[in-house]
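Okay, so here's the structure we're looking at.
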Amino acid sequence: MSDYLRQKLIIITGSPCVGKTAVAENLFESYENSAYFDGDWAWCVNPFSIADPRLRNGDKTISFALSTYLNSNFNYVIFSSVVVIGEAIRETILKDITAKDYTTIAFTLKCSEETLIERHKKRGDTNEVLFQWLRMKPHPGDYVIDTDHKTIAQVVDEIKSIIN
């Protein structure tokens with residue numbers, strides 16, 4: 001089967017406040033026969049630490065949800081999460097997906113530190129803005145999309161032009 005006709009697992013990652021959720025939700029709404037899973041909900045714990053070994057259960061939840069959507073024959077499965085910017089976590093999640101014969105297309109969203117601070121304030125978040133996620137290298141093979149000075153619709157259009 002050609003990649004064009006295969007189901008597509010679309011991964012969107014990047015720093016907190018870079019626009020992952022807004023872009024993923026809009027991308028989901030733009031495609032018929034699509035499903036959306038916000039992986040950050042599988043990791044919604046307090047206190048949050050990516051090093052917490054209990055979060056490996058969150059990886060299993062994500063793999064299960066993505067498998068369920070792909071095995072349900074959705075043409076597009078959109079998955080957004082901050083944690084899949086790292087190779088080890090992404091690999092763990094993807095290897096446990098039970099579906100077969102789908103294509104994965106991944107995007108890392110980026111922006112400037114100034115834009116991240118602005119978006120953080122706009123969100124009303126009073127926590128300190130952390131830049132370590134923004135400074136991480138994109139996962140190998142990801143398409144990198146700079147979201148500076150772009151609307152959500154513009155970023156979605158850019159992603160769709162790559163997907164299609």
Whole-number percent relative contact order across segment 83-164, with pairs defined as alpha carbons under 8 Å at least 6 apart
39 percent
Return the Rg/Rh ratio of the chain with Cα-based radii and a Kirkwood Rh.
0.95
List the GluC sites (Glu not before Pro) within segment 66-155 that fall in a DSSP loop (any state other than H, G, I, E or B) and whose Cβ has at most 14 other Cβ atoms within 10 Å.
Glu128
Can you list the aspartates and glutamates whose alpha carbon is less than 14 Å from that of Lys95, not counting same-chain residues fewer than 8 positions off?
Asp59, Glu87
Which residues' amide hydrogens lie under 5 Å from the amide hydrogen of Val82, considering only partners 5 or more residues apart or on another chain, with H built in the peptide plane?
Asp40
Over segment 33-127 - Rg/Rh using Cα atoms and the Kirkwood inverse-distance radius:
1.01
Choice from Gly14, Gly141, Gly39 showing the highest fluctuation, given a GNM over the chain with Cα pairs closer than 10 Å
Gly141
What's the longest uninterrupted piece of the chain once you rule out the chymotrypsin sites (Phe, Trp or Tyr not before Pro) that are loop residues per DSSP with at most 16 other Cβ within 10 Å?
49-130
Distance violations [Cα-Cα > 21 Å] among Lys20/Lys110; Lys60/Lys122; Lys60/Lys121; Lys20/Lys100; Lys60/Lys160:
Lys60/Lys122; Lys60/Lys121; Lys20/Lys100; Lys60/Lys160
Counting other C-beta atoms within 10 Å, and keeping those with at most 10, which DSSP coil trypsin sites (Lys or Arg not before Pro) do you find in segment 11-120?
Lys100
Residue-ordered couplings for segment 71-81, obtained by feeding phi - 60° into the Karplus form 6.51 cos²θ - 1.76 cosθ + 1.60 and rounding to whole Hz (Gly and Pro as x), are 6, 8, 6, 6, 5, 10, 10, 9, 10, 10, 5
A correct Stokes-Einstein calculation for segment 1-86, using the alpha-carbon Kirkwood radius, 4 °C and 1.567 mPa s, returns a whole-number D in µm² s⁻¹ of 95 µm²/s
Toy charge model, Lys and Arg Cβ at +1, Asp and Glu Cβ at -1: segment 42-98 dipole around Cα centroid in debye, rounded to 20, equals 100 debye
Non-local amide H neighbours of Val77 (under 5 Å, H modeled in plane, Pro and chain starts lacking H): which ones?
Lys8, Leu9, Ile10, Ala35
Electrostatic dipole magnitude of segment 1-157 [Cβ: Lys, Arg +1; Asp, Glu -1; Cα centre; debye, to 20]
260 debye
For segment 96-164, the convex hull over Cα atoms projects on average to an area in nm² of 6.7 nm²
From the phi angles alone, apply the Karplus equation (6.51, -1.76, 1.60; θ = phi - 60°) to segment 19-25 and give each ³J(HN,Hα) in whole Hz, x where the residue is Gly or Pro.
x, 4, 5, 4, 5, 4, 4
Say we join alpha carbon atoms closer than 10 Å with springs in a Gaussian network model of the chain; which of Asp101, Asp38, Asp52 then has the biggest fluctuation?
Asp52
Along the three principal axes, how long is segment 85-131 when you take its alpha carbons, biggest first, rounded to the nearest angstrom?
42, 18, 17
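Rule-based calculations on the coordinates, nothing more; no lab input. Just so you know, these numbers come straight off a predicted model, no measurement behind them. Methodologically, a virtual Cβ is constructed for each residue, glycine included, from the backbone with ideal geometry; neighbour enumeration extends over all protein chains shown.
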